[in-house]
Protein chains: 6
Amino acid sequence: MRPNNRAADQVRPIKMTRHYTAYAEGSVLVEFGNTKVLCNATVEESVPRWMKGQGKGWVTAEYSMLPRATHSRTRREVTNGKQGGRTMEIQRLIARSLRAVVDLQAMGEFMITVDCDVIQADGGTRTASISGASVALADAFQYLIDNGKLKKNPMKGHVAAVSVGVLGDEILCDLEYVEDSNADTDMNVVMTEDGRMIEIQGTAEGEPFTHEQLMALLDCAKTGINEIVAAQKASLEN
Amino acid sequence: MRPNNRAADQVRPIKMTRHYTAYAEGSVLVEFGNTKVLCNATVEESVPRWMKGQGKGWVTAEYSMLPRATHSRTRREVTNGKQGGRTMEIQRLIARSLRAVVDLQAMGEFMITVDCDVIQADGGTRTASISGASVALADAFQYLIDNGKLKKNPMKGHVAAVSVGVLGDEILCDLEYVEDSNADTDMNVVMTEDGRMIEIQGTAEGEPFTHEQLMALLDCAKTGINEIVAAQKASLEN
Amino acid sequence: MRPNNRAADQVRPIKMTRHYTAYAEGSVLVEFGNTKVLCNATVEESVPRWMKGQGKGWVTAEYSMLPRATHSRTRREVTNGKQGGRTMEIQRLIARSLRAVVDLQAMGEFMITVDCDVIQADGGTRTASISGASVALADAFQYLIDNGKLKKNPMKGHVAAVSVGVLGDEILCDLEYVEDSNADTDMNVVMTEDGRMIEIQGTAEGEPFTHEQLMALLDCAKTGINEIVAAQKASLEN
Amino acid sequence: MRPNNRAADQVRPIKMTRHYTAYAEGSVLVEFGNTKVLCNATVEESVPRWMKGQGKGWVTAEYSMLPRATHSRTRREVTNGKQGGRTMEIQRLIARSLRAVVDLQAMGEFMITVDCDVIQADGGTRTASISGASVALADAFQYLIDNGKLKKNPMKGHVAAVSVGVLGDEILCDLEYVEDSNADTDMNVVMTEDGRMIEIQGTAEGEPFTHEQLMALLDCAKTGINEIVAAQKASLEN
Amino acid sequence: MRPNNRAADQVRPIKMTRHYTAYAEGSVLVEFGNTKVLCNATVEESVPRWMKGQGKGWVTAEYSMLPRATHSRTRREVTNGKQGGRTMEIQRLIARSLRAVVDLQAMGEFMITVDCDVIQADGGTRTASISGASVALADAFQYLIDNGKLKKNPMKGHVAAVSVGVLGDEILCDLEYVEDSNADTDMNVVMTEDGRMIEIQGTAEGEPFTHEQLMALLDCAKTGINEIVAAQKASLEN
Amino acid sequence: MRPNNRAADQVRPIKMTRHYTAYAEGSVLVEFGNTKVLCNATVEESVPRWMKGQGKGWVTAEYSMLPRATHSRTRREVTNGKQGGRTMEIQRLIARSLRAVVDLQAMGEFMITVDCDVIQADGGTRTASISGASVALADAFQYLIDNGKLKKNPMKGHVAAVSVGVLGDEILCDLEYVEDSNADTDMNVVMTEDGRMIEIQGTAEGEPFTHEQLMALLDCAKTGINEIVAAQKASLEN
């Protein structure tokens, strides 16, 4: 039995609180159960130097965890003088996922940075980050439209992400920490709201996985993504 | 007139939310008006190497701002490979302030680290940090007592801090950002709950200040500190 | 038509030169067409500090490119003071892939580091690295057996990797640089020699990919992996 | 009794040697007893990028200790790859103190950097640095006047600094190392030559200090500052 | 007796393989016995910022060792965040040596970087690097001529380098690792092809050396240099 | 004519002030004309970890320049986060030179670090550093003897260093800055007091140098070394 009697293919309760902080152009506190990530989107009226003059925009992301987001305290990365490999992997993934649903040409020479700072971590921080960042990004584009700087929203739709895994004989959706740390296979799936794939990253921590297991994992991910997209849409209607 | 019709010697509305996150032994979200800082206290059953075997404990602090806590986005310090001078000054101040109200000998070989992460910054982040960290620290010591690891609370009382400043002809208490950035003199005062001084740091940004102005600033600080101490005590009674 | 008239599901000519350098316990120059990577395995009779005393071994990997492995010169990472995100991602992937085919418990308290240094880069450096490192690792274990330090080879079989991609309407195997830089989707697949999956990492650079495309990519990868495993086995028989 | 029979409110013998090195536009070796600091002022005909085109000048400072300025050897900060928190605090304090007595608008687009390098440290290195740097800065401005680049000296007067402290029952002025390391409260006071305050930084290392003690410390500082200002003026008359 | 019956003043078998990699404008694998260094010359159509607009070119070099070039594995310098002192010394020596045989004025505003990456190290890696880099540099200039960017080769001749040493009573040429690590004096001599000196660096590791020993070392170096220059010329005739 | 009518083979006036600072076990301010270097020797009762338990001692050195030792200000190396190549080369040279005249076995498990900090730089800072450090080292060993920690001085004699150069047709000794920056060849020679060589480092900045020029440079260096050794001996007799 999963904690809180969750079904195998059920995601945790999802909550998206918009306008969580006052200054960011988009600010969403996303919660996947006990996992809480603050996604703040910042609009800047310039692009990185290597993009100047192309008439295109850019979307990027940064990811970090507060030291005590975790069960025991994690040392700040600044103390080591550099970001760790895990952080870099995650923020590159978030950024690619967001760019996949934006028409960079249509957004003009603006840059949007989405900072995903994990307040509390109970598994799935990267998938919660992507899912919340999509909403913060939508708010940031709306800000540009409201201020007469853009005519039309350059987002092609939402992007959502979920983790799925193999734990013993079971295929589980949206793993929390205790599940994740015992899973044989851990897979993160990023999809557009219409169900096409943007990223798929699966790793066998224990036993290699078979083609059949992969098929089941993808099925399970699809179910979860649908729930998350529904939550994204609901939050924007408030 | 000050924003929200505040009197010159009045602090902003103070709110302290305990147990804000789930894993830290002490976790307080402190709000001084729009300034919001998450203070998480972590207990470790060991002390830094240079202190080992002395039977004494240690209390330290770290301070950071989320990139979009500020009106425009601030680059993460990890990107520069090191903490800036302002951050170091502030976290050293927080740590000294906390240690001033703890009997390190009585706390045994434990180390408590209080992480002060600024969620939203509207002036006074360091004084809010100290004031909230004092409560988080009290909760962390209570945790040690509840778990049979300490017999008696080694805190001698609360420590609270407030900023005061000279703005034109006026002496103001608990400056918010628009006031702080225009003040001639900015002073941070850290006191014990019984009104003795732990730290006093005053800087003339514009005109040097006179002895008379200093006296008025200290008076004003005393008034503010009393309100903050009342809020600390109230929060611990809930 | 692909360069050199390659079929869509055909890998480039694969060459594995063992004992390429004189001092490493395993040393393989692996070539996938014009991509050339030197994989040197080093055996050390100790494990990282956090593993000491558990009776288990460890396998890790590092990855780097010579500055002029690429068409234009790439700045050395040491000049920036740290490894880039891409390097970290790749070396973590290589290490995980190798560990997936080793019984760490059976190998005893030895550590093997496989250095993958790219001499010439024409696409697929990470998949060539994994495939060559598997052979270098096998040689390093044989060295331990030959020197009476291990009784039995703790490798469960080979690990091989290949890239596949969607380029226009086509599904291609083992992309070279000109193909890779134009692909809509790029996927790296790491498999055991018996065809089970260790890692799968697919990214839509342009259009998101469909479930059908994913199925075709996996089929194509399986074909390529079989050819690579054959080359690995052949090289060890010489 | 204090070392060398000093009275409680008496500063150590002060010596300021101008033109100590040959190339700097201002070069002063300042001695407060056994504390010796070389203050070299460098004039550059440009300002930091963020100030360009405003017609204003800038004054900054850097602080460092030679490794064997101290009783036991201190590791060079470059070996750690960055300046420590104490160094940053001190050099920011020196720079703010100097700027407080300069009319930046009147000095034009010049930048003056004052390097304070401690040759020998026996307490009070930051207050000696500020006091000596004021003289070096005056010489640097004179250099600009002598070379026809400035019409009028933009310094509004001298800035001087002294440390005061509570040691047991006594209030002491200009603490040397053995006193400083035993003091309950340590305070640095920076004043203009006419006795107004620029910075005041007091820290209770042991017991918190009372309002009465603060008053006594400020009195004591005033006496010391007067002696230092006299020494500054005398040195410039030679 | 020396390994492989070498005479005291005899260099190891020298081999220079041009066009070793496909993309560099000059690419030479140089072998001095078991020492193998890949020298890749890169042409860029710009010079460092501080040289712009002077109409002159620049030649620089970088040096690195693969981790397992050595008998036991050497940690990558990027892991330490910076190059070590030995690496910096060697790459500065290589660069100065190359520039000594180039007419920088005649080469125009091009920059050539020669990367010397040690594949296998058995003593003399810096002298092999210089000797191989000279040939790679010649090829890079030929590339500029062949592409109509230069009219005339700005190299004044070859530069070659050899190590000589005092081992017990003997003066040896081109020391390999086992000799080098036991030598009392180790000297690197860099000469033009006509026998004039560019660099001479001699270090007494054990006993100081006499004027007579220095004379013998220089004689021995001259003999070795002649053989290396012959190999350089032969390689360019193929 | 040379500045101050110096003869070609004449060193600048040499001055060695012992006990320049109060805390170092050996402290010498060495002056070669306008070049001034403070050499402080620190004794520690332990050796680096890799030497522990061998019963041998270690001598090392560090070198740095104050920012305004030079005609225009030089940025502190700590600001770049690391020492530059020139600094590393020089401090390695100083350390090797000192170790060459010490019987490390006889000195026991002590470590002596000589810090050479350049107060004013007018050419020849590395040769002045070595020459002054030799005296500071002698004082540090005397300190160990005076305190009963060593029976006998483990120094075998003094080490001295001088620069020589080719400037036009002339061979010059102990070059000052204006000469050094125009020289075709610059050579540093480090000798024992009995005239044997420890290090010789010659670099052709312009034209390569001939065997005859090398002979003349060595002759010239010998003359200079003798004068420096005389100054070292005289300073120790005071």
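The values are calculated or read from the model by the stated rules, or taken from the named source; none is laboratory data. Computed from a predicted model, the values in this text were never measured in an experiment. Ideal geometry is used to build each Cβ from the backbone, glycine not excepted, and the neighbour counts take in all protein chains shown. Heads up: the accessible areas ignore ligands, DNA and RNA and are worked out on the full protein's heavy atoms, side chains in. Shrake-Rupley method; radii C 1.70, N 1.55, O 1.52, S 1.80 Å.
Kindly identify the stretch F:14-237 as rounded, prolate or oblate by the Cα gyration tensor criterion: order the square roots of the eigenvalues as a ≥ b ≥ c, call it rounded if a/c is under 1.5, otherwise compare a/b with b/c, prolate if a/b is larger, else oblate. Prolate, since a/c reaches 1.5 and a/b exceeds b/c.
Note that the stretch A:159-170 has calculated 3J(HN,Hα) couplings of 10, 9, 9, 8, 9, 9, x, 9, 10, x, 8, 9 Hz, one per residue in order, obtained from phi through the Karplus relation 6.51 cos²θ - 1.76 cosθ + 1.60 (θ = phi - 60°); glycine and proline are x.
Inter-part distance, the stretch D:1-24 to the stretch E:143-171, computed on C-alpha centroids, equals 60 Å. With contacts taken as Cα pairs under 8 Å at a separation of at least 6 residues, chain B carries a relative contact order of 22 percent. Summary for E:Lys52: label point 7 Å along Cα→Cβ; distances to the equivalent points in the other copies, ascending, 1.1, 1.1, 5.3, 5.3, 5.4 nm. Evaluated over the stretch E:14-237, the count of Lys pairs having alpha-carbon atoms less than 22 Å apart is 16 (only pairs 8 or more residues apart or interchain). Solvent-accessible area lost on pairing C with E (1.4 Å probe, both sides summed) amounts to about 2800 Å².
Take each residue in B:192-202, count the other chain C-beta atoms within 10 Å of its C-beta, and the mean is 6.
Sequence-ordered 3J(HN,Hα) estimates for the stretch A:22-34 from the Karplus curve with 6.51, -1.76 and 1.60 and θ = phi - 60° stand at 8, 9, 5, 5, x, 9, 10, 8, 9, 10, 10, x, 7 Hz, glycine and proline given as x. The fraction of accessible area contributed by carbon and sulfur in the protein assembly as shown is 46 percent, rounded to a whole number (1.4 Å probe; ligands and nucleic acids excluded). Helix F:85-99: angle to the longest alpha-carbon principal axis of chain F, degrees 0 to 90, nearest 10? Computed tilt is about 60 degrees. Under 5 Å from the amide H of B:Ser27 lie the amide H atoms of B:His19, B:Tyr20, B:Ala41, each residue being 5 or more positions distant or on a separate chain, with H modelled from the backbone and absent for Pro and chain starts.
On a C-alpha basis, how far is the centre of the stretch A:65-131 from the centre of the stretch E:52-72 in Å? Whole number, if you could? Each part reduced to its Cα centre gives a spacing of 36 Å. Rg ratio for the stretch B:140-213: its Cα radius of gyration over 2.2 N^0.38 Å, N being its residue count, equals 1.57.
Rounded, prolate or oblate for the stretch B:176-238? Axes are the square roots of the Cα gyration tensor eigenvalues, ordered a ≥ b ≥ c, and the cut-off for rounded is a/c under 1.5. Prolate is the answer for the stretch B:176-238, as a/c is 1.5 or above and a/b outweighs b/c. Peptides B:38-50, B:59-71, B:127-139, ordered by how many other C-beta atoms sit within 10 Å of their residues on average, highest first, read B:127-139, B:59-71, B:38-50.
Taking the Cα centre of the stretch D:3-92 as reference, the dipole from Cβ charges on Lys and Arg (+1) and Asp and Glu (-1) amounts to some 320 debye. Position D:Asp146: other-copy label points at 4.1, 6.2, 6.2, 7.1, 7.7 nm, ordered by increasing distance, label point 7 Å along Cα→C-beta. Taking the inverse of the mean reciprocal distance over all distinct Cα pairs, the Kirkwood hydrodynamic radius of the stretch C:87-176 comes to 14.5 Å. Think of the axis that spins chain A onto F; the A residue whose C-beta lies nearest it, and the distance in whole Å, is A:Gly81, 4.
If you add up the charges near A:Glu193, with Lys and Arg at +1 and Asp and Glu at -1, over every other residue whose beta carbon is less than 14 angstrom from its beta carbon, what do you get? Net local charge, A:Glu193 excluded: +2.
Residues of the stretch B:41-77 whose accessible area (probe 1.4 Å, heavy atoms of protein chains only) drops by at least 50 Å² once all protein chains are present, relative to their chain alone: B:Glu62, B:Leu66, B:Arg68, B:Arg73, B:Arg76. The residues of the stretch E:14-237 expose, per residue, 36 Å² of accessible area to a 1.4 Å probe.
With contacts taken as Cα pairs under 8 Å and at least 6 residues apart, the stretch C:160-202 reaches a relative contact order of 37 percent.
Would you please classify the overall shape of the protein assembly as shown from the alpha carbon gyration tensor, given that a ≥ b ≥ c denote the square roots of the eigenvalues, rounded means a/c under 1.5, and beyond that prolate means a/b larger than b/c while oblate covers the rest?
In terms of gyration-tensor shape, oblate.
The P(r) of the stretch A:68-138 has a tail past 16 Å containing 56 percent of all C-alpha pairs. Take B:Val178, push a point 7 Å out from Cα through the beta-carbon direction, and compare it with the same point in every other copy: 5.0, 5.7, 6.3, 6.3, 8.2 nm, smallest first.
Between helix A:211-237 and chain A, what is the angle of the helix's C-alpha long axis to the longest principal axis, kept within 0 to 90° and rounded to the nearest 10? So the inclination is approximately 40 degrees.
Think of each Lys and Arg Cβ as +1 and each Asp and Glu Cβ as -1; about the Cα centre, that makes the dipole of the protein assembly as shown roughly 0 debye. A simple count of charges around E:Ala106, restricted to other residues whose Cβ falls under 11 Å of its Cβ and scoring Lys, Arg +1 and Asp, Glu -1, yields +3.
Put a plus charge on the Cβ of each Lys and Arg, a minus charge on the Cβ of each Asp and Glu, and nothing anywhere else: the dipole of chain F about its Cα centre is then about 980 debye.
Which of E:Ala140, E:Val166, E:Phe32 sits closest to the plus end of the dipole of the stretch E:14-237, meaning its Cα is farthest towards the positive end, when Lys and Arg get +1 and Asp and Glu get -1 on the C-beta? So the residue furthest toward the plus end is E:Ala140.
For the residues of E:16-24, the average number of beta carbons from a partner chain within 10 Å of their own beta carbon is 4. Taking amide hydrogens as placed 1.01 Å from N in the peptide plane, the amide H of C:Asn34 sits under 5 Å from that of no residue at least 5 positions away in sequence or on another chain.
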